[in-house]
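Okay, structure first, notes after.
The values are calculated or read from the model by the stated rules, or taken from the named source; none is laboratory data. The model shown is predicted, which means the values in this text are computed figures rather than measured ones. Methodologically, a virtual Cβ is constructed for each residue, glycine included, from the backbone with ideal geometry; neighbour enumeration extends over all protein chains shown. The area values use the complete protein model at the heavy-atom level, side chains included, leaving out ligands, DNA and RNA. Shrake-Rupley method; radii C 1.70, N 1.55, O 1.52, S 1.80 Å.
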Amino acid sequence: MGKFIISKRTDSDFKFNLKAGNGQVILTSQGYSSKSSCENGIESVRTNSQDDSKFERNTAKDDRCYFNLKAGNGQIIGTSQMYESENGMENGIESVKTNAPGASVEDETVI
């Protein structure tokens, strides 16, 4: 089962990673100034990950593939890792669709 990990970036913003059951990071969020905004971002991933049209497929300058997951307003919620092939990227999208809805949340910012 997948899980969301909330942590802090070096600039003190909050972020989350969605990890697949094997521990691999499949989606990384933008930075959020508050933890509640970060938690709202997680809920947005749960909702929007079930709509294939919310996944923006891209190719980087070095020809590797990646995707962005966008909210209803068009804002990027999260970005994938880089993939060597389009097929790998599509597998990553399927992993987000599968893992996000039931993923647990772990907060690494709590001491």
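Being open to solvent by 80 Å² or more (accessible area, probe 1.4 Å) and either within 15 Å of Asp107 (Cα to Cα) or among the hydrophobic types (A, V, I, L, M, F, W, C) (or both) narrows it down to one residue among Asn87, Asn40; which is it? Criteria check complete, one pass: Asn40.
Looking only at residues that are over 16 Å from Lys19 (Cβ atoms) and of a type in the set (A, V, I, L, M) in the range 67-76, which one is least open to solvent (accessible area, probe 1.4 Å)?
Going through the range 67-76, the residues over 16 Å from Lys19 (Cβ atoms) turn out to be 67-68, 70-76.
Among the residues that remain, those that are also of a type in the set (A, V, I, L, M) are: 71, 76.
Details: Ala71: 20, Ile76: 69 Å².
Per the stated criteria, the residue is Ala71.
Cβ-Cβ contacts under 6 Å between residues 6 or more apart (or on different chains), taken from a first residue in the range 86-101 that is among the hydrophobic types (A, V, I, L, M, F, W, C) to a second residue that is part of a helix (DSSP H, G or I) and open to solvent by 10 Å² or more (accessible area, probe 1.4 Å), are listed as Ala100/Arg46. Here Ile42, Ile26 are screened, and the one residue that is in contact (Cβ under 8 Å) with a residue 40 or more places away in the chain, touching a Lys or Arg at 6+ places or on another chain (Cβ under 8 Å) and either over 17 Å from Gly2 (Cβ atoms) or not in a loop (DSSP other than H, G, I, E, B) (or both) is Ile26. When Ser34, Ser80 are screened for being touching a Gly at 6+ places or on another chain (Cβ under 9 Å) and open to solvent by less than 50 Å² (accessible area, probe 1.4 Å), only Ser80 passes. Among the residues of the range 57-66, those that are assigned to a strand (DSSP E or B) and open to solvent by 40 Å² or more (accessible area, probe 1.4 Å) comprise Arg57, Thr59, Tyr66.
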